[in-house]
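> Pasting in a structure now, in structure tokens, and then I'll have a few things to ask.
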Ligand SMILES: Cc1cc2nc3c(=O)[nH]c(=O)nc-3n(C[C@H](O)[C@H](O)[C@H](O)COP(=O)(O)OP(=O)(O)OC[C@H]3O[C@@H](n4cnc5c(N)ncnc54)[C@H](O)[C@@H]3O)c2cc1C
Ligand SMILES: Nc1ncnc2c1ncn2[C@@H]1O[C@H](COP(=O)(O)O)[C@@H](O)[C@H]1O
């Protein structure tokens, strides 16, 4: 079986993201970029499934400008076998992203597609579910545990009231939550080795994913603002003062 | 005139509070051009009719569509999304709560309808113009949906007060399931450690603990204080990852986004991913032994101190 993993290039989660003063977006100049943390978890899970003998190949895919090849190289260094950069200068909205991946799936025929549950830039949490809809295959979002059996996969999902277990027939789409695993660190020799692994570039237009019509109905995003600051807090210096403050505000 | 359909969320025969909050978001849209609000309930067995009654009691709802089918005993996106898509033709807007349930089902429906989803609507600026957070709340943007395109959106539940429930006033219409329900997905079980306290998502007071609690035994301190205050218990990701508390207690970007009147947190540093979950809280109280912890930048009342001394003292003084 082949596992396809999506990795998105995003601003590193440790960076304090700042909105540009002209409200046109966020500052990206000189900002550290990384693999979306949920995608790193997706990749780690794919590697573990391969190492456990459930899969032969882990294919990583990223959509975006040439810069996202950096993240694909990191993914190869982590242990992916092959990478495809789907090149586009447009920021794809989830529906188009899902259509493009669906078209790639027809070529690659993976048994499992692993994605992050959300990209931490747009926090959309949509692409996996949309892909599953277009592909007409099962989905399990927010995976906390993935157990493979013959022809099916059992996924434990994080839901609002605890954990939910689903059994999906393969092929299937799984999106990852944070507690699924802890991704491995990349070692220096692996970075060297990764340089020799195949990284193919394909223009998304070559996939004929039929995304032209999406442009007319794409969501328009504007007026980027920093969130209102909570201010005016006070510090108290004792538990007595804390209790007095809570009581005077009628909170306890 | 907008025609809005709200996907009801429910569990154990009760409509979830998230449904009433989503109705409030729908009402804010409807206000712009005298739109109308329908709620659709997908449920199995006798529960369906009872849930429809509860939905019909929500103020502002014009009609409740009650769709009963054995397959809806457990909400599976693969079953619900095609049902929603089949109804979509009659509506200008389709809304669901931004709970794990809404996030699972609605994008799947959006793709079948052929549109993108507006995730996490926190304010309504117009019939098709919304505000939502990006980058874990570090940016707030305006999102517009082009004319003629079905608006599919999740309502960020922490941003909306629950619609009032009164006398049953909406019309209830039974509808048949219309879509095919694929057999490729099977529900196995739900594992819930659920305590007996109030629900974290809707509690008025939440007492939260972080990594500093250092063990699940120590977390008892947080549970006891919560019990005393009639509060729900929350936690940071670090505390959940370390296994001190179950995952459903996590507050933040990837846990629950909450808006209690009072949020008290102990030994939580205040990472942005945590803060995004509490920015709508009424009053934030932080106790941390590091005076420079970022949590103090957002706390309304801060106390620099050791939680292992502060919590017992609080318990005594609040008794
Ligand atoms: C993609 C992504 C999503 C994330 N989502 C979430 C999320 O949803 N929710 C979330 O919470 N985190 C989330 N995180 C993790 C987040 O970045 C932080 O790592 C986490 O919130 C830290 O938890 P903490 O504050 O408990 O631990 P720490 O950051 O380790 O802070 C512990 C604090 O306790 C204080 N302390 C220590 N001992 C005592 C004592 N005796 N008394 C008082 N204070 C003491 C310390 O001074 C310190 O400030 C996410 C991270 C990523 C990358
Ligand atoms: N441009 C992209 N390149 C690679 N993967 C992507 C891209 N956009 C979305 N994804 C995948 O889809 C997941 C969910 O993204 P989103 O729906 O945008 O929150 C991400 O975690 C990625 O795994």
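Every number in this text was worked out from the coordinates using simple rules, so none of it is lab data. In this text, all values refer to a predicted model and were calculated from it rather than measured experimentally. When we count neighbours, we look across all protein chains shown, and the Cβ atoms used for this are built from the backbone with ideal geometry, even at glycine.
> Search region A:2-31 for residues that are without any contact (Cβ under 8 Å) to a residue 40 or more places away in the chain and pair each with any residue that is surrounded by fewer than 18 Cβ atoms within 10 Å (Cβ to Cβ) when their beta-carbon atoms are under 6 Å apart and the residues are at least 6 apart or on different chains.
Note: pairs meeting the criteria are A:12/A:32; A:15/A:31; A:15/A:32; A:27/A:18; A:27/A:20.
> So, in region B:215-241, of the ones that are within 13 Å of another protein chain (Cβ to nearest Cβ) and surrounded by fewer than 15 Cβ atoms within 10 Å (Cβ to Cβ), which residue ends up farthest from residue A:178 (Cα to Cα)?
It comes out as B:228.
> Looking at region A:227-246, which of its residues are within 17 Å of residue A:21 (Cβ to Cβ) and at the interface with another protein chain (Cβ under 7 Å from one of its Cβ atoms)?
A:227
> Can you confirm whether residue A:75 is part of a helix (DSSP H, G or I), under 18 Å from the mean Cα position of the chain (by Cα) and away from chain B (no Cβ under 14 Å)? Write out each step before concluding.
Numbers: part of a helix (DSSP H, G or I): yes; under 18 Å from the mean Cα position of the chain (by Cα): yes; away from chain B (no Cβ under 14 Å): yes.
Yes.
> What strands (runs of 3 or more DSSP E) lie completely within region B:161-214 and have 2 or more residues being within 13 Å of chain A (Cβ to nearest Cβ) and crowded, with 17+ Cβ neighbours inside 10 Å? Spell out how you get there, then give the answer.
On the way: elements: B:171-175, B:185-191, B:205-209.
Ranges flagged: B:205-209.
> Kindly evaluate residue A:115 against the criterion of being more than 16 Å from ligand 1 (Cβ to nearest atom) and either more than 8 Å from chain B (Cβ to nearest Cβ) or touching a helix residue (DSSP H, G or I) at 6+ places or on another chain (Cβ under 7 Å) (or both).
Judged against the criteria, residue A:115 is not a match.
> What strands (runs of 3 or more DSSP E) lie completely within region A:99-185 and have 2 or more residues being touching a residue at least 24 places away in the same chain (Cβ under 8 Å) and crowded, with 19+ Cβ neighbours inside 10 Å?
It comes to A:112-116, A:139-148, A:162-169, A:172-176.
> Ok, one more. If the requirement is being in contact with a helix residue (DSSP H, G or I) (Cβ under 9 Å, 6 or more places away or on another chain) and at negative phi, which of these qualifies: A:16, A:50?
Details: A:50 fails: in contact with a helix residue (DSSP H, G or I) (Cβ under 9 Å, 6 or more places away or on another chain).
Every option except A:16 fails the conditions.
> Residue A:22 is checked against (1) outside any helix (DSSP H, G or I); (2) within 14 Å of chain B (Cβ to nearest Cβ); (3) within 15 Å of ligand 2 (Cβ to nearest atom) and fails just one. What number does that condition carry?
Failing condition for residue A:22: (3).
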